[in-house]
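The values are calculated or read from the model by the stated rules, or taken from the named source; none is laboratory data. In this text the structure is predicted, and so the values were computed from the model without any measurement. Glycine also receives a Cβ, built like all others from the backbone with ideal geometry; neighbour counts cover every protein chain displayed.
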Amino acid sequence: MAQEKLKNTNVVGDQFKRVRSAFVAVGVLSSAVNLLMLTGPIFMLQVYDRVLASQSVPTLLALLGLAIALYMMMGLFDFLRARVLSRVSLWLDNQLAPLTFRSWVARSLSGYTPGYKPVQDLTTVRGFLSSPVVLAVFDLPWFPFYLGVVFMLHFQLGLLATFGMLVVVILALLNEWMSGRSMQLTATAELAENRFLDVTQRNADSVLAMGMLGNTTKTWHGLRNTSLAHQQVGSERSEFFKASSKSFRLLLQSAILGLGAYLAINREISAGTIVAASIIAGRALAPIDQVIGSWRMIKRTRMSYKRLSNYLARDASDVPINVQLPVPNGNVEVKNVVKFALNTEPGSERRTILGDVSFTLKPGEGLGVIGPSASGKSTLARLLVGLWMPDQGSIRIDGATFEQWDLDELGQHIGYLPQQVELISGTIAENIARFDATVNDEDVIAAATLAGIHQMILSLPDGYSTDADNAVSPLTGGQVQRIALARALYKMPRILVLDEPNSNLDAEGDAAMANAILAMRESGAVVIVMAHRPSAIAAVDKLLMLNKGRVMEFGDKSEVLAKVTQSA
């Protein structure tokens, strides 16, 4: 199906805006949590300076009871903010996952190469939102508040804590500067590695048959080593800054204790102030330390967010929502259609795949498209089902171009058998029914019967429940092609396009296909068959001959065959 046009230029950003109130709620809860974090230091201060001095057990019990109540509130607020973030991450995934998947599948038609999977980026973003790192990010703005509290306890303690903060922040900035480039190189290298891995696995038969396994293994291992080398450089730098930050934070706490002891000896602060200042300074440094420790995760998430935003924005368009059109009758009009090859070199002249192709078909008519290899037959097939759009001219179904139809709705009334057939992981019944959740078993059986494979499916050990996955299924190439034909015939579509439908069929399969084409025409459907073998056009009444993308002949089958024979 053609690429779905999204209505917003920044789909990911717009979805985040819709949950802005949830992030505000997390910020409010984080404020409460950070204020309640002072419970411990204040409790310590009161115990050392008041309880121990007065030897009052009732005062101790009262303070303990108050501390328990405040800690319970802090735990509740901490739980609520974590729950809100986990629900937000789940909601965002539910909103973006269908768009991401549809865009990724559609993009495979227009030069997309395997290796990069935007769904993985969505998983990374979702996982980050529900991780403790996000809570540390919300806690980060509170470190000036804690510094202010330390200054209130004593000015010199505040200066020491501020100096420690500056050192930790400098370490964080150095970590970003030193490891940022390595993270980008790692992502690029991983993409190349995954692309090579996917392509090699999909062509495993050729790799094994022609002795390419050793060479491809060496090539893949080289790509992997490049990826690991960049990753190792970034990891080592990040690990250095992480260890340095952690060690310095511990040193700073000890330094605050030492300075506090010196001030207490000089009777400038109390013993309780020493402990309170150390705990508060440690709390101020904790989120910074946690963010530095998770820097690789933050960098990866930021890159994933940017890639995902750009990926979905590429399909964005401010087109209006189409009016719901009625079920198509099957009138097909192709007028002056031109399709150019994809330009791989900027500035080079575009090569014409199809040039000025025109014809019309009415319900019940069958068209055979013949011609030598590379004449444009498969390109025409993709244009007729809306996989590609013409660069010039128009293709109309019942007077409307593909842009005017809801493509999912129109696709239910189109049957398509591509030249290269591969079934989707699932049962035979699910593949025939196009994974329709509201499937009617009678429609599945009717399609299989029309394709002449009902008895063949029943002969399988699991019948219609047989796994159709190419990697595990017992199906032959011809059986796969006939199941794909049944999928194209499901619910008797109004337009049926078959691209080399009998390339893997035997005589029995040819006969079944011809019967299916006649049955579809009798039901009022338009049938278009791209053919090399004469048996594929036995059941059509019109012929279109292509050569180098140009229409050489078009008309009734008998007349076109007579002209072709005479020319030969």
Contact list please: Cβ distance under 6 Å, first residue in segment 299-317 and closer than 17 Å to Leu185 by Cβ, second residue modelled with pLDDT of 80 or more and in a helix (DSSP H, G or I), pairs at least six apart or on different chains.
Ser304/Asp121; Ser304/Thr124; Ser304/Val125; Arg307/Asp121
Going by what's in this entry, would Ala189 be described as in contact with a Lys or Arg (Cβ under 9 Å, 6 or more places away or on another chain) and in the same structural domain as Pro41 (by TED's automatic domain parsing)?
yes
Looking only at segment 256-294, how many residues end up being under 30 Å from Ser238 (Cα atoms), in contact (Cβ under 8 Å) with a residue 24 or more places away in the chain and not charged (D, E, K, R)?
17
Meets criteria (surrounded by 15 or more Cβ atoms within 10 Å (Cβ to Cβ), in contact with a helix residue (DSSP H, G or I) (Cβ under 8 Å, 6 or more places away or on another chain), modelled with pLDDT of 85 or more and closer than 14 Å to Ala488 by Cβ) for Ile395:
no
When you scan segment 462-485, do you find a residue that is closer than 21 Å to Ile370 by Cα, within 31 Å of the chain's Cα centre (by Cα) and touching a residue at least 24 places away in the same chain (Cβ under 8 Å), even just one?
yes
Restricted to segment 430-464 and to residues being assigned to a loop (DSSP other than H, G, I, E, B) and not hydrophobic (A, V, I, L, M, F, W, C), the residue farthest from Ile483 (Cα to Cα) is Thr438
Requiring at least 3 residues that are under 30 Å from Gln404 (Cα atoms), the helices (runs of 4 or more DSSP H) wholly within segment 1-96 are 11-18
Select from segment 482-495 the residues that are part of a helix (DSSP H, G or I) and of a type in the set (Lys, Arg) and write down the one among them that is modelled with the lowest pLDDT.
Arg482
The lone exception for Lys218 - which of (1) part of a helix (DSSP H, G or I); (2) surrounded by 15 or more Cβ atoms within 10 Å (Cβ to Cβ) it fails
(2)
Just one of Trp220, Trp177 is aromatic (Phe, Trp, Tyr), closer than 20 Å to Arg302 by Cα and assigned by TED's automatic domain parsing to the domain that holds Val24; which is it?
Trp177
Residue among Val24, Val47, Val51, Val84 that alone is of a type in the set (A, V, I, L, M), in the same structural domain as Phe128 (by TED's automatic domain parsing), farther than 25 Å from Ala276 by Cα and in contact (Cβ under 8 Å) with a residue 12 or more places away in the chain
Val84
Would you mind stating whether Asp78 is among the acidic types (Asp, Glu), crowded, with 18+ Cβ neighbours inside 10 Å, assigned by TED's automatic domain parsing to the domain that holds Val26 and modelled with pLDDT of 90 or more?
no
Identify, from the list Ser459, Ser473, Ser503, the residue that is more than 24 Å from Trp388 (Cα to Cα) and modelled with pLDDT under 85.
Ser473
If I ask for residues that are among the small types (Gly, Ala, Ser) and either under 21 Å from Ala25 (Cβ atoms) or outside the structural domain of Val133 (by TED's automatic domain parsing) (or both), which ones from segment 54-75 would you list?
Gly75
When only residues in segment 50-75 that are small (Gly, Ala, Ser) and within 21 Å of Ser270 (Cβ to Cβ) count, which is surrounded by the most Cβ atoms within 10 Å (Cβ to Cβ)?
Ala67
Restrict the check to segment 91-106 and report whether at least one residue is outside the structural domain of Ile414 (by TED's automatic domain parsing), free of Cβ contacts under 8 Å to residues at least 60 places away in the same chain and either within 27 Å of Asp139 (Cβ to Cβ) or touching a Gly at 6+ places or on another chain (Cβ under 8 Å) (or both).
yes
Among the residues of segment 398-408, what is the count of those that are modelled with pLDDT of 85 or more and not hydrophobic (A, V, I, L, M, F, W, C)?
4
Exception for Gln479 within (1) modelled with pLDDT under 90; (2) in a loop (DSSP other than H, G, I, E, B) falls at (2)
Looking only at segment 237-247, decide whether some residue is exposed (fewer than 13 other Cβ atoms within 10 Å of the Cβ), out of contact with any Ser or Thr (no Cβ under 7 Å at 6 or more places or on another chain) and not basic (Lys, Arg).
yes
Of the listed residues (Leu285, Leu325, Leu308), the one being within 31 Å of the chain's Cα centre (by Cα), modelled with pLDDT of 80 or more, aliphatic (A, V, I, L, M) and crowded, with 19+ Cβ neighbours inside 10 Å is Leu308
Considering only segment 151-173, state which residues are part of a helix (DSSP H, G or I) and touching a Ser or Thr at 6+ places or on another chain (Cβ under 9 Å).
Phe151, Leu153, Leu157, Val167, Val168, Leu171, Ala172
Restricting segment 428-453 to residues that are surrounded by 18 or more Cβ atoms within 10 Å (Cβ to Cβ) and of a type outside the set (A, V, I, L, M, F, W, C), the residue that is farthest from the chain's Cα centre (by Cα):
Gly452
Of the criteria (1) at positive phi; (2) in a helix (DSSP H, G or I), which one Asn194 fails
(1)
